[in-house]
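Structure, as structure tokens:
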Amino acid sequence: MSLECELLERCSFFKKYGDTKDLACKGFIKQYCRGEKMSQCKRKEYSYKHGQSPSEDMMPTGHEISL
Ligand code: SF4
């Protein structure tokens, strides 16, 4: 079964970092955007709460990305 976040196609984090080579970042995408933690994504929580997307540099964990 393939899981995919329902916001993936319009998620600015995914758009910017979806092809990253950074391992930590790749790991988050695997766990959240295409994995079992997608319902815990802080970006998603933010989007639904505020009706707008957070900064593209906010990771699914809620932390600012630092590459
Ligand atoms: S970062 Fe969050 S909102 Fe964006 S695609 Fe991944 S799981 Fe969905």
First in segment 1-29 and in contact (Cβ under 8 Å) with a residue 24 or more places away in the chain, second anywhere and assigned to a helix (DSSP H, G or I) and among the polar types (S, T, N, Q), Cβ under 8 Å, 6 or more apart: L7/S47
Selection count, segment 40-60, where residues are more than 8 Å from the ligand (Cβ to nearest atom), under 9 Å from the mean Cα position of the chain (by Cα) and under 18 Å from L3 (Cβ atoms): 0
Members of segment 30-39 that are in a helix (DSSP H, G or I), near the ligand (Cβ under 9 Å from one of its atoms) and either over 10 Å from the mean Cα position of the chain (by Cα) or free of Cβ contacts under 8 Å to residues at least 24 places away in the same chain (or both): S39
F14, sole failed condition from (1) surrounded by 15 or more Cβ atoms within 10 Å (Cβ to Cβ); (2) more than 15 Å from L67 (Cα to Cα); (3) under 10 Å from the mean Cα position of the chain (by Cα): (2)
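The numbers here are math on the coordinates, done by the rules we state, and not lab data. This is a predicted model, so every value here is computed, not measured. Positions of Cβ are backbone-derived with ideal geometry, glycine not excepted, and every protein chain shown enters the neighbour counts.
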